[in-house]
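Beneath this line is the structure, given in C-alpha cells, with notes to follow.
Each reported figure results from applying straightforward, stated rules to the coordinates on display, with no laboratory input. Every value quoted in this text rests on a predicted model; they were computed, and no experiment measured them. Counting neighbours? That spans all protein chains shown, and the Cβs are built from the backbone with ideal geometry, glycine included.
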Amino acid sequence: MSRQSYTAFQKHLLFFSTPTSPPRLTFNSALKAACALGLDFPVSVFLSLGLKLLYSPFSLTGVNIIDIPQSSHRSQLSNVTLPIAKEEFTCSELLRLLDQERYPGFVGHKINQGHIGGFWCMAACTRKHTVSRDDVERFQQGEWEAPVAERRRNSEEILPLWRGGPIWAGGHSWAVEKLLSVKVYKPKNE
C-alpha cells in the first residue's frame, strides 16, 4: 500500500510504527518515536502503552496500521478550513477547530480532544506555546512528526516539563541514546 493511499491518521501512525512492510504499531516503535519527539522517558512509556492498549491490546507483534478500523481513527482536523489570516494557534484555538468537526459520541470526542492536546504539547513552540500554521497543515495531512522531531534536536527547543519534556535534557538525551539508539537533544556545543 502506497503512502498516498493512507488516511491522515494512518500517516500519523506511520511515525510511531515499525519501518517494516506492512508497518506495525508496537510498544517499542511507539516508545522510540515518542522519545524522538522530545518527550520524557516516563511520558513516552505512558504514550506507548496507551497506543498499545487502544489499537493492539491482545497482539504480541503489534497491529498493522491498515487494520485499525476507521471508527478508531482520531481527528487530524482534515475537514477543517484554517482561518486565512491565522499563522499561529494556541491549544484552545485548536480545540475550537475540533468542535467544527462532527465526531459522534462523548467518549470519542474526549479522546479526540486528548489527541489534539497531545499534538499541541509536542509541536508548539517552547517560547510562545503556539503551533505554527505549517505544523497544523502538516498535522491535517498526518505528517507533522518528522519536522518536529528535527526541531527538538535543537537545544533551544527542549520541551518544558509541564508539556512532557525531560527534567534534565542532557541526562535524558544520553540515556535515551544509549538505551534506544534515539538522538533527541543536541548538546549546545554541537
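Quick look at the numbers
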item: Pairs of Cα atoms farther than 21 Å apart, segment 95-190, %; result: 41 percent
item: Around A36: net Lys/Arg minus Asp/Glu count, Cβ-Cβ under 12 Å; result: +2
item: Over segment 139-182: Kirkwood hydrodynamic radius from C-alpha pairwise inverse distances, Å; result: 11.6 Å
item: Fully extended contour minus Cα-Cα distance, from W162 to E88, at 0.36 nm per residue; result: 24.6 nm
item: Those chymotrypsin sites (Phe, Trp or Tyr not before Pro) in segment 12-78 that DSSP places in a loop and that have at most 10 other beta carbons within 10 Å; result: F58
item: More than 28 angstrom apart: percent of Cα pairs within segment 3-180; result: 21 percent
item: GNM flexibility winner over the chain from L25, L95, L13 (Cα, springs under 10 Å); result: L95
item: Residue order, fewest to most beta carbons within 10 Å, for H12, H109; result: H109, H12
